[in-house]
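Below is one structure, written out as structure tokens; the observations come after it.
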Amino acid sequence: MTLLPSNISCVAVVDDDESVCRSLEKLLRAAGLQSITYLSAEAFLADDKGPGFDCLIFDIQLGGISGIELAQRLASAGSLTPVIFITAFDEPNVREQAQRIPCFAFLQKTEPAGAVLAAIHQSIDQGRRLAT
């Protein structure tokens with residue numbers, strides 16, 4: 001497991017669109033956050049050397065395991081790391097599924113950068129409060 005200084009938050013981004021991963025990585029870096037990107041849920045699950053994450057950002061529609069299924073697997077395994085879903089397709093039934101997991105936020109990929117960063121920072125703060 002990679003160790004980071006305790007004052008640097010690390011965010012996992014799982015999206016099968018490389019341009020979305022690059023954009024989020026740049027946004028997070030500019031905000032002083034560390035990020036690791038994965039192009040699939042399977043790649044995320046296979047990474048046993050990644051650091052402990054403070055926030056997870058999952059695309060809903062991935063090529064193999066969906067973002068919702070990935071979050072369900074992690075929740076079933078006892079993960080308390082906050083999950084933020086991002087999607088290009090905001091469908092009410094999918095939003096309901098995501099909120100049942102539960103998720104911290106459900107965002108569209110067109111959200112302004114400030115709204116995305118606010119959700120990330122709030123989720124990290126909440127996750128740290130729950131961990132203590």
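The values are calculated or read from the model by the stated rules, or taken from the named source; none is laboratory data. Treat the numbers as computed from the prediction; the structure is a model and nothing was measured. Virtual Cβ from ideal backbone geometry, glycine too; neighbours counted across all protein chains shown.
Find all pairs meeting these conditions: Cβ atoms under 7 angstrom apart; at least six residues apart or on different chains; first residue within segment 20-31 and over 12 Å from LEU117 (Cβ atoms); second residue modelled with pLDDT under 95 and among the β-branched types (Val, Ile, Thr).
No pair meets every condition.
I'd like to verify a number: residues in segment 91-105 that are closer than 14 Å to SER66 by Cβ and outside any helix (DSSP H, G or I), how many?
Going through segment 91-105 one residue at a time, the tally reaches 3.
Tell me which residues, restricted to segment 52-70, are of a type in the set (Asp, Glu) and either assigned to a loop (DSSP other than H, G, I, E, B) or out of contact with any helix residue (DSSP H, G or I) (no Cβ under 9 Å at 6 or more places or on another chain) (or both).
Of everything in segment 52-70, just one residue is of a type in the set (Asp, Glu) and either assigned to a loop (DSSP other than H, G, I, E, B) or out of contact with any helix residue (DSSP H, G or I) (no Cβ under 9 Å at 6 or more places or on another chain) (or both), namely ASP54.
Could you tell me whether PHE53 is in contact with a strand residue (DSSP E or B) (Cβ under 8 Å, 6 or more places away or on another chain) and under 20 Å from LYS26 (Cα atoms)?
yes
Scan segment 80-120 residue by residue and report those that are touching a residue at least 40 places away in the same chain (Cβ under 8 Å), more than 18 Å from ASP16 (Cα to Cα) and of a type outside the set (A, V, I, L, M, F, W, C).
Listed by number, the residues that qualify are THR81, PRO82.
Condition first: more than 26 Å from ASN93 (Cβ to Cβ), touching a Leu at 6+ places or on another chain (Cβ under 9 Å), aliphatic (A, V, I, L, M) and surrounded by 14 or more Cβ atoms within 10 Å (Cβ to Cβ). Now tell me which residues in segment 4-38 satisfy that.
Answer for segment 4-38, where residues must be more than 26 Å from ASN93 (Cβ to Cβ), touching a Leu at 6+ places or on another chain (Cβ under 9 Å), aliphatic (A, V, I, L, M) and surrounded by 14 or more Cβ atoms within 10 Å (Cβ to Cβ): VAL11, LEU27, LEU28, ALA31, LEU33.
Restricting attention to segment 28-51, and to residues there that are among the polar types (S, T, N, Q) and not in a loop (DSSP other than H, G, I, E, B), which single residue is nearest to GLN97 (Cα to Cα)?
Among those that are among the polar types (S, T, N, Q) and not in a loop (DSSP other than H, G, I, E, B), it is THR37.
Condition check ((1) closer than 21 Å to GLN108 by Cα; (2) of a type in the set (Ser, Thr, Tyr)) across all residues:
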position	(1), (2)
SER9	no, yes
VAL13	yes, no
SER23	yes, yes
GLY50	no, no
SER66	yes, yes
GLN72	yes, no
THR81	yes, yes
THR87	yes, yes
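Among the residues of segment 3-22, are any part of a strand (DSSP E or B) and in contact with a Pro (Cβ under 7 Å, 6 or more places away or on another chain)?
yes
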